[in-house]
Amino acid sequence: MRRLFDYRPPEGLDSSQLRPGQRLWIPFGRRRTVGILVEHRQQTSLPEHKIRRALELIDTAPVFDAHLFELLVWSADYYRYPVGEVLAAALPVALRKGRGSTPGKLRWRLTITGAQEASLAVSSRATRQHALLNVLRDTASPNGVNAATLDARLTDWRVAARTLIDRGFVEQIEHLPVAAEPVSGTRQAGPELSAPQQTAIDRIEANLGRFATLLLDGVTGSGKTEVYLRAIDTVLSQGRQALVLVPEIALTPQLTQRFASALRHRLPCCTPP
């Protein structure tokens, strides 16, 4: 659909806890589906009583970094394509279905219904279920209880857990690790250049500002990437842009990390004060 939809933040959250690129569970018609936060707004054209509330925040951090998210939104606008289709196409199938974005450890916790009704609703003869409920109630952590803790305190608790999950009294969640701190804007010093590397860089920089075709030929491990990094650094320092084409998609994560580390002082988001 070629439009965005307005929602209130989930109960207990405000806009300061939400960032573009995060996924939320939202009501859409009669369905419960995954939505992606695109922007914050203080006003809407919808009548007050028609603005529905998002159900739950899925991600503690956006599933797209700021640069990729900006590129995707720009692409949708430039090519006049629904932004929801563009964002969905950029997500793996599992994330489109609401799965956790970061591998985590499984934990168990009481649902709201379980905390309020389970003690009376579960038969007194179901001793293992009551024992599990008591442990989860005593812990009362929003992050739940991990399997190691339950193994240490209970025996054969997994069968009881499955029964309580089926009845809506317990839920199994993925506890995500704390996100890493953002990288600083300090430049990472590269290795000392060899004579052939310096010659290649000098030749490239001598042709900046005009059309030229240059071929850098070298065996694996000869330092070609460092030549690219130094040449791109010079181009960016002049206020120009550089485009890097990756020969193999599997190399993208490690190459992105290396470029970001070496050129972070040139990136708008990471420029040091």
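Given the condition part of a loop (DSSP other than H, G, I, E, B) and touching a residue at least 12 places away in the same chain (Cβ under 8 Å), answer yes or no: does some residue in the range 111-121 qualify? Yes. Scanning the range 216-238 for residues that are at pLDDT 90 or above and more than 21 Å from Phe259 (Cβ to Cβ) turns up just one, Asp217. The single condition among (1) of a type outside the set (Asp, Glu); (2) closer than 30 Å to Arg264 by Cα; (3) not in a loop (DSSP other than H, G, I, E, B) that Thr33 does not meet is (2). Within the set Gly104, Gly84, the sole residue that is open to solvent by less than 60 Å² (accessible area, probe 1.4 Å) and either touching a Ser or Thr at 6+ places or on another chain (Cβ under 8 Å) or modelled with pLDDT under 85 (or both) turns out to be Gly104. Contact map, the range 45-58: residues that are part of a loop (DSSP other than H, G, I, E, B) paired with residues that are surrounded by 12 or more Cβ atoms within 10 Å (Cβ to Cβ) and polar (S, T, N, Q), Cβ distance under 8 Å, separation 6+ or inter-chain. Pairs shown: Ile51/Thr44; Ile58/Gln22; Ile58/Ser101. On inspection, Val122 qualifies as farther than 19 Å from Ala61 by Cα, aliphatic (A, V, I, L, M) and at pLDDT 90 or above. Looking across the range 1-17, the residues that are in contact (Cβ under 8 Å) with a residue 12 or more places away in the chain and farther than 22 Å from Glu85 by Cβ come down to Arg8, Pro9, Pro10, Glu11, Leu13, Ser15, Gln17. Beta carbons closer than 9 Å, at least 6 apart along the sequence or on distinct chains, pair a first residue in the range 132-154 that is surrounded by 13 or more Cβ atoms within 10 Å (Cβ to Cβ) with a second that is modelled with pLDDT of 85 or more and assigned to a loop (DSSP other than H, G, I, E, B) for Leu132/Leu154; Leu133/Val122; Leu133/Phe169; Val135/Leu154. When Ala200, Ala180, Ala195, Ala189 are checked against the criterion of being at pLDDT 90 or above, under 30 Å from Glu226 (Cβ atoms) and open to solvent by 40 Å² or more (accessible area, probe 1.4 Å), Ala195 stands alone in meeting it. Counting the residues of the range 239-273 that are in a loop (DSSP other than H, G, I, E, B) and at pLDDT below 70 gives 4. Only one entry of Val159, Val122 meets the criterion of being surrounded by 14 or more Cβ atoms within 10 Å (Cβ to Cβ) and more than 31 Å from the chain's Cα centre (by Cα), and that entry is Val122. When every residue of the range 31-49 is checked against the conditions, at least one turns out to be open to solvent by less than 80 Å² (accessible area, probe 1.4 Å) and of a type in the set (Ser, Thr, Tyr). If the condition is being of a type in the set (Lys, Arg) and more than 18 Å from the chain's Cα centre (by Cα), then the range 1-34 contributes Arg2, Arg3, Arg8, Arg30, Arg31, Arg32.
The values are calculated or read from the model by the stated rules, or taken from the named source; none is laboratory data. It should be emphasised that the depicted structure is a prediction, and the values quoted were computed from it without experimental measurement. A quick note on method: Cβ atoms are made from the backbone with ideal geometry, for glycine too, and the neighbour counts reach across all protein chains shown. All accessible areas refer to the heavy atoms of the entire protein, side chains included, with ligands and DNA or RNA removed. Shrake-Rupley method; radii C 1.70, N 1.55, O 1.52, S 1.80 Å.
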